[in-house]
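The next block holds one structure in the form of structure tokens; read it before the comments.
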Amino acid sequence: MATGHYPVMVEEAVEALAPADAGLVVDATFGGGGHARRILGELGSEGRLVGIDRDPEAAERARVLTGEDPRFVFRGGAYDEILTEMAGEGERVDAILFDLGLSSYQIDEAGRGFSYVREGPLDMRMDPERGVSAAEFLNGAEVPEISDVLVRYGDVPRGEARRVAREVARRRPLGTTLELSEAVRAAVGWKERGGNPAKKVFQAVRVYVNDELEGLGRALEAAERLLLPGGRLVAITFHSGEDRMVKRFISERAGHCVCPPELPVCVCGARPILRKGVVRKPSEREIGENPRSASARLRSALRTREPLGDGLPSEEPS
């Protein structure tokens, strides 16, 4: 089992981003900085890398890299907000990376409240200073609302979700991660296949508390505006909701293009805004070294020269 920070599919991500000749690259989820450092290793001397993260602890790690490499700049905040600001400021970029989900730092630090096997406060917020905590949500929401969150954001079967929601309500107030894990176990037991049932419940609550899927949708739309023609969008996802959203976003903008991914431009006449890249999975070696990477999927797309429409700019600002 990997310990500490282990950037997932880092070589595959850098290959898809192709930063060697890029002017401006964005790492929208700085986290532990593993992808950022590898991107800087390939980025030209005139290139720039912007790192984004709303986690205050990630900001502390970014300060070290800022001092080491003048090509790196960090912007603290939610990535959908920062990317939208950048688009509004007239920035245009050559590549954007989303490495979604949690960093190893967040998972392994019990005090952040993300772990379902280590006791800590029931928080789960990426930015502890913003929004409601997991405890506040679970202790205040009605049973149907909790159930709906578990189904929508964790793919928890509806019957199980209702049982968990009722058990949570019965045990309230909940204050720690293990209290929530115990409520899940009491409601649905332990499955021989599929592992700890608390995993999906914690995922669902975390995604809801942090507005992750809705934020991802807004961030992808901002990324579409930011990317220059030939720019690259790369997203590493870890659960089905994220992956469906990224897949649908790219597919809707790829139109009916049937050109092979290796062609630099569309020649079939479909006029897509994005051209799909290949879907990658972590290697068996990486999964062996870091089992947390097993569910990862990397999707990429190339921005074409087609205009976005609705007055949204796709070329460099005049």
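Details
- DSSP finds beta bridges in the chain, and of those with both partners inside it, around 40 percent are antiparallel.
- Cβ-defined net charge surrounding Glu89, 12 Å radius [Lys, Arg +1; Asp, Glu -1]: +1
- Net charge dipole, the range 1-71: roughly 180 debye, given to the nearest 20, about the Cα centre with Cβ charges of +1 for Lys and Arg and -1 for Asp and Glu.
- Under a Gaussian network description of the chain, with springs only between Cα atoms under 10 Å, the residue in Arg292, Arg75, Arg170 that fluctuates furthest is Arg170.
- Percentage relative contact order, the range 127-209, counting C-alpha pairs under 8 Å, at least six apart: 38 percent
- Gyration tensor (alpha-carbon) shape descriptor, the range 53-96, a/c threshold 1.5: oblate
- Net charge over other residues, Cβ less than 10 angstrom from the Cβ of Gly113 (K, R count +1; D, E count -1): +1
- GNM result for the chain, Cα springs below 10 Å: residue of Gly189, Gly120, Gly33 fluctuating most strongly: Gly189
- The calculated 222 nm mean residue ellipticity attributable to helices in the chain amounts to -13000 deg cm²/dmol, summing -39500 (n - 2.57) over DSSP H runs of n ≥ 4 and dividing by all residues.
- Nearest-20 debye value, the range 127-209 charge dipole, Cβ charges on Lys, Arg, Asp, Glu: 360 debye
- Length-normalised contact order for the chain - Cα pairs under 8 Å, 6+ apart - percent: 18 percent
- Prolate/oblate/rounded label for the range 134-288 (Cα gyration tensor, a/c 1.5): prolate
Values in this text are rule-based calculations from the coordinates and carry no lab data. All figures in this text were calculated on a predicted structure; none of them were measured in a lab. Here the Cβ is made from the backbone with ideal geometry for all residues, glycine too, and neighbour counts use every protein chain on show.
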